[in-house]
Amino acid sequence: DRPPASEESLKVLKDQADFPLPEAYLAQLRSSNGGEGDLSVEPGWINLWRAEEVLSMNSGYRVGEFAHGLWGFGSNGGGELLAFDLRGGEPYPVVMVPFIGMALSEAQQISECFDEFRGHIGRSAP
């Protein structure tokens, strides 16, 4: 576990995100600002990005260009981006998509929403 994100960092993130961030996601960052560990759904591991790096990571990976409608918040520490699928509105499904060959057609839903997804963090697959 990492220390919680500062309220200042969360405010910057909320102000600069172009959609309303899910409360469960903000609660996760308030609990642990980033971190990695087991995930009991595919892809089996999470590397949650820190609040201070989420915007630059989305920009650096060009998520908006290659997979418009997705917004990344972490990875599996390897080849998969973990993201919100914003195309259908709230609650945003959580999807994974390959970093190489990133395209909406490759996105696989792994949770109905971040609240459900959060329940899988820190648990190993059955």
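The values are calculated or read from the model by the stated rules, or taken from the named source; none is laboratory data. For clarity, every value in this text was computed on a predicted model and none was experimentally measured. Ideal geometry is used to build each Cβ from the backbone, glycine not excepted, and the neighbour counts take in all protein chains shown. Areas reflect the complete protein model, heavy atoms only, side chains present, ligands, DNA and RNA absent. Shrake-Rupley method; radii C 1.70, N 1.55, O 1.52, S 1.80 Å.
Quick notes on this structure:
- Region 57-79 - residue that is open to solvent by less than 50 Å² (accessible area, probe 1.4 Å) and part of a strand (DSSP E or B) and, of those, farthest from residue 16 (Cα to Cα): 75
- The listed residue being buried (at least 16 other Cβ atoms within 10 Å of the Cβ) and in a strand (DSSP E or B), out of 82, 21, 26: 82
- Any hit, region 75-95, residues being over 26 Å from residue 126 (Cα atoms) and touching a Lys or Arg at 6+ places or on another chain (Cβ under 7 Å): no
- Residue 46 meets all of the listed conditions (1) free of Cβ contacts under 8 Å to residues at least 12 places away in the same chain; (2) part of a strand (DSSP E or B) but one, namely (1).
- Just one of the listed residues (40, 75, 9, 31) is modelled with pLDDT of 95 or more, farther than 24 Å from residue 112 by Cβ and hydroxyl-bearing (Ser, Thr, Tyr), and it is 9.
- Considered as a group, the residues in region 29-46 that are polar (S, T, N, Q) and over 14 Å from the mean Cα position of the chain (by Cα) include one that is most open to solvent (accessible area, probe 1.4 Å), and that residue is 31.
- Scanning region 85-126 for residues that are in a loop (DSSP other than H, G, I, E, B) and among the charged types (D, E, K, R) gives 87, 90, 112, 123.
- Members of region 87-126 found to be open to solvent by 60 Å² or more (accessible area, probe 1.4 Å) and of a type in the set (A, V, I, L, M), listed by number: 100, 125
- Set 78, 64, 89, 72: member being out of contact with any Pro (no Cβ under 7 Å at 6 or more places or on another chain) and within 18 Å of residue 32 (Cβ to Cβ): 72
- Any pair with Cβ under 8 angstrom, 6 or more apart, that starts in region 54-83 at a residue that is under 14 Å from residue 102 (Cα atoms) and ends at one that is in a helix (DSSP H, G or I) and of a type in the set (Phe, Trp, Tyr): none
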